[in-house]
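Novice: One structure coming up, written as structure tokens, with questions to follow.
Each value in this text was obtained by applying a stated rule to the coordinates, not by laboratory testing. Only a predicted model underlies this, so the values are computations on that prediction, with no experimental measurement involved. With ideal geometry, Cβ positions are generated from the backbone for all residues, glycine too; neighbour counts draw on all protein chains shown.
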Amino acid sequence: MIKHLRSAADLDLATATLILDTAGEMAALAGREVKKLPTLRGRTVVNLFYEDSTRTRISFEAAAKRLSADVINFSAKGSSVSKGESLKDTALTLQAMGADAVVIRHSASGAPHRLASWVDGSVINAGDGTHEHPTQALLDAFTMRSRLGRLAGLRVAIVGDVLHSRVARSNVLLLTTLGAHVTLVGPPTLVPRDIAAALSPATKVSYDLDSVLPDMDVVMMLRVQTERMQDSYFPSAREYSRRYGLDLARMRKLPEHAIVMHPGPMNRGMEITPEVADSSRSTIVEQVANGVSARMAVLYLLLGGKA
Ligand code: ASP
């Protein structure tokens, strides 16, 4: 088993499949009255969050607690980070406290790689800048497999602000490893062709959402990440929604069995309308529940938990 999960590229087919299968076993636990396993008793998991998060932080905390690990939540606000302490000094503090795993979210792409060279424990990337978010890709793959029964051969459109999306990057890498076919869709300013080619030569690019939808099994909508935009990438929010937003009329162009995903947080009314987000085809709430199972599987396998 790998020691760190810094990128979806750390996962080969066998490892990714093992994590998804283990997540399935963890999900079965969620239906029980007592949701806890003793496997990581006495181990310490630190959640080191330098960037805002709702779902991911809570999800990692729930996952570690369900495995009986001791959980320390560190948020940059209110810590010595606000006094200018470097990531390295914070890492050395965690190291001195004996963290078995550090879950890190940071605005700098590559922060988990640096951290892994300073601590002995496992490092898990919970989102680094615009780079990657591998556990999101795992929970997304798990959701697709649960709903559609397979991953190999699935046709997946990832739509919107690909340029700033770590979710898109990790999904392209993992889905390609798992044998799915990915098409990136959005305005040319937000879907540069070189990104697709660099991630995986098989990835297709389209600037016309309407023409792509009838062929898809999955459509994954991305949040427009205005907080990471220095320039204007499209004329107006209204124009963006008109061309790339998923509303009911567009959703009807999908095949009957196709599902609609979004990693959250959503800009309701911009990339997705409330009617679509709350429809029976949407897996958005399921993705959150599956996130806990996927992260339990990652913590369990990386920390070598015993049954
Ligand atoms: N929650 C995801 C992330 O942290 C997606 C997003 O923020 O749009 O990358």
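Novice: Which GluC sites (Glu not before Pro) does the range 6-55 hold that lie in a coil by DSSP with at most 10 other beta carbons within 10 Å? Working shown, then result.
Specialist: Numbers: sites: 25, 33, 51; in loops: 33, 51.
Within the range 6-55, the qualifying GluC sites (Glu not before Pro) (loop, at most 10 other Cβ atoms within 10 Å) are 33.
Novice: By its C-alpha gyration tensor, with a ≥ b ≥ c as the square roots of the eigenvalues, how is the range 161-301 shaped: rounded for a/c under 1.5, else prolate for a/b larger than b/c, else oblate?
Specialist: Details: a/c = 1.34, a/b = 1.15, b/c = 1.17.
Rounded, since a/c falls under 1.5.
Novice: What's log10 of I(q)/I(0) for the range 9-106 at q = 0.10, 0.14, 0.15, 0.17 Å⁻¹, Debye sum over Cα points only, no solvent?
Specialist: Each listed q maps to, in turn, -0.34, -0.65, -0.73, -0.90.
Novice: Now, a different point. Per DSSP H run of n ≥ 4, the term is -39500 (n - 2.57); total these for the chain, divide by its residue number, and report the mean residue ellipticity at 222 nm rounded to 500 deg cm²/dmol. Let's see the in-between values first.
Specialist: Values: 12 runs with 119 residues, N = 307.
The per-residue figure over the chain is -11500 deg cm²/dmol.
Novice: Can I ask one more? For the range 192-249, count all C-alpha to C-alpha pairs, find those more than 19 Å apart, and express that count as a whole percent of the total.
Specialist: Details: 720 of 1653 pairs.
Taking all Cα-Cα pairs of the range 192-249, the fraction more than 19 Å apart is 44 percent.
Novice: Also, I was wondering about something else. Using Cα positions and a limit of under 27 Å, work out the lysines in reach of residue 3, with same-chain residues fewer than 8 apart set aside.
Specialist: Those lysines meeting the cut-off are 35, 36, 65, 88, 306.
Novice: Sticking with this structure for a sec: What is the Cα coordinate range of the range 129-184 on the first, second and third principal axes, sorted by size from largest, in whole angstrom?
Specialist: 32, 20, 17 Å, listed from the longest principal axis down.
Novice: Something else about it: Given 0.36 nm per residue, what is the gain on full extension from residue 232 to residue 32 after removing their alpha carbon distance, in nm? Please list the in-between numbers first.
Specialist: Working: separation 200, 0.36 × 200 = 72.00 nm, distance 4.88 nm.
Here the answer is 67.1 nm.
Novice: I would also like to ask the following. Going 7 Å from the Cα of residue 148 in the Cα-to-Cβ direction, what parts of the range 187-227 have a backbone nitrogen less than 13 Å from that spot?
Specialist: Zone members listed by number: 213-221.
Novice: Further question: For 216, 251, 296, 266, what's the fewest-to-most ordering of other Cβ within 10 Å of each Cβ? Could the numbers behind the result be given before it?
Specialist: Numbers: 216 22, 251 19, 296 30, 266 15.
Fewest-to-most Cβ neighbours within 10 Å comes out as 266, 251, 216, 296.
Novice: Then there's this: Can you tell me the Rg and the Dmax, both Å, for the Cα atoms in the range 132-237?
Specialist: Cα-based Rg and Dmax for the range 132-237 come out at 13.2, 41 Å.
Novice: Let me ask something additional. Decide, for the range 35-177, between rounded, prolate and oblate: order the square roots of the alpha carbon gyration tensor eigenvalues as a ≥ b ≥ c, take rounded if a/c falls under 1.5, and otherwise choose prolate if a/b is larger than b/c, else oblate. Before the final figure, lay out the partial values.
Specialist: Values: a/c = 2.27, a/b = 1.42, b/c = 1.61.
Note, shape of the range 35-177 comes out oblate.
Novice: Averaging over all projection directions, find the projected area of the Cα convex hull of the chain and quote it in nm² with one decimal place. Before the final figure, lay out the partial values.
Specialist: On the way: hull surface 62.3 nm².
Averaged projected area of the chain's Cα convex hull equals 15.6 nm².
Novice: Ok, one more. Report D for the range 53-130 in µm² per second (integer): Stokes-Einstein, Kirkwood Rh on Cα pairs, 20 °C, 1.002 mPa s. Show your work: numbers first, answer last.
Specialist: Working: Rh = 13.1 Å.
So the translational diffusion coefficient is about 164 µm²/s.
Novice: Kirkwood hydrodynamic radius of the range 224-290 from all distinct Cα pairs, in Å?
Specialist: One decimal place: 13.0 Å for the Kirkwood radius.
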